[in-house]
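**Student:** Dropping the structure in here first, questions after.
The values are calculated or read from the model by the stated rules, or taken from the named source; none is laboratory data. Because the structure is a prediction, the values reported are computed rather than measured. Cβ placement follows ideal geometry from the backbone for every residue including glycine, while neighbour counts extend to all protein chains displayed. Side chains included, ligands, DNA and RNA excluded: accessible areas come from the protein's heavy atoms. Shrake-Rupley method; radii C 1.70, N 1.55, O 1.52, S 1.80 Å.
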Amino acid sequence: MKKLLTTVWRIALSSIIACGSLFLFFFLFSKLFVPAFFASIVVFALSMWLSGRRYAVPDIYDFEMDKQDRAYVKQSLREAHRKLKNIRRLQFRIRSITIWQKTSHLYKVARRIFNIVEEQPYRFHSARTFFSSYLDSTIAILEKYTFLLSQPVRNAEMMVALKKTEAMLDDIIAALEEELMQVLSDDVLNLNVEIETMKKSLGTRPQYTITASKQEEHKDEIKR
């Protein structure tokens with residue numbers, strides 16, 4: 001979301017600069033619109049490039065990754081994005097409501113893992129199996145399932161294979177959910193530490209507030 005807002009801001013800023021330069025170049029080029037227009041386009045492109053460097057969102061903990069690791073993660077993300085689109089495409093070929101729901105949940109979890117790693121590349125090591133194995137296995141199973149499901153004739157052996165595939169989807173979903181929890185493990189650990197710290201902090205607070213409330217209750221009893 002932050003990246004999207006930054007991009008919108010860059011486009012708006014560059015457009016304003018380009019429009020201002022258009023009027024300037026219009027008079028500099030003796031009121032010739034075409035050269036002024038192309039010059040303003042160059043200004044727009046230059047402004048987008050400069051603002052991109054100025055407002056670039058740095059990768060969190062990117063200093064822990066060398067250039068080769070960053071290139072590998074970017075390549076893995078590009079391949080994963082293509083595979084996710086393939087899973088989405090296969091989902092629309094499924095006619096069973098139950099399998100559609102399972103595939104939809106599977107895609108949602110997979111997409112969440114992808115988004116987290118895209119925003120925070122240092123988490124890639126926690127989801128390495130997801131990128132190297134789970135996506136490929138999911139696509140292979142869905143492709144075979146949709147292929148068999150589209151056949152006009154089915155025998156007992158084919159029905160058994162379809163049932164096994166449907167059960168396998170539950171295993172894939174469980175594996176992806178476990179992978180997501182692995183990616184979020186640092187956040188869960190940090191949250192637990194914060195909770196324990198807060199508990200200790202609350203436990204060491206003086207009890208004067210409780211004592212004061214008891215004194216007020218005692219005064220009320222005396223007045224009665």
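**Student:** Out of A127, A167, which single residue is modelled with pLDDT under 90, farther than 20 Å from K102 by Cβ and open to solvent by less than 60 Å² (accessible area, probe 1.4 Å)? Talk me through it step by step, then tell me what you get.
**Tutor:** Values: A167 fails: farther than 20 Å from K102 by Cβ.
Matching residue, one of A127, A167: A127.
**Student:** Could you go through the range 137-149 and let me know if any residue there is open to solvent by less than 80 Å² (accessible area, probe 1.4 Å) and within 17 Å of E178 (Cβ to Cβ).
**Tutor:** Looking through the range 137-149, at least one residue is open to solvent by less than 80 Å² (accessible area, probe 1.4 Å) and within 17 Å of E178 (Cβ to Cβ).
A quick yes/no check of all residues on (1) outside any helix (DSSP H, G or I); (2) of a type in the set (G, A, S); (3) over 16 Å from the mean Cα position of the chain (by Cα); (4) modelled with pLDDT of 85 or more:
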position	(1), (2), (3), (4)
T103	no, no, yes, yes
V109	no, no, no, yes
V117	no, no, no, yes
R123	no, no, no, yes
L142	no, no, yes, yes
M158	no, no, yes, no
I195	no, no, yes, no
K199	no, no, yes, no
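**Student:** Now, a different point. Here is a list: L135, L184, L162, L149. Which entry is out of contact with any strand residue (DSSP E or B) (no Cβ under 8 Å at 6 or more places or on another chain), of a type in the set (A, V, I, L, M) and at pLDDT 90 or above? Lay out the reasoning, then the answer.
**Tutor:** Values: L184 fails: at pLDDT 90 or above; L162 fails: at pLDDT 90 or above; L149 fails: at pLDDT 90 or above.
After ruling out the rest, the residue left standing is L135.
**Student:** Restricting attention to the range 131-154, report how many residues are under 26 Å from L77 (Cα atoms) and not aromatic (F, W, Y).
**Tutor:** Selection size over the range 131-154: 13.
**Student:** Please list, ordered by first then second residue, the pairs with beta carbon atoms under 8 Å, 6 or more apart or interchain, first in the range 88-100 and under 12 Å from E166 (Cα atoms) and open to solvent by less than 90 Å² (accessible area, probe 1.4 Å), second at pLDDT 85 or above and among the hydroxyl-bearing types (S, T, Y).
**Tutor:** Pairs found: I94/T103; I94/Y145; I94/T146; I99/Y145.
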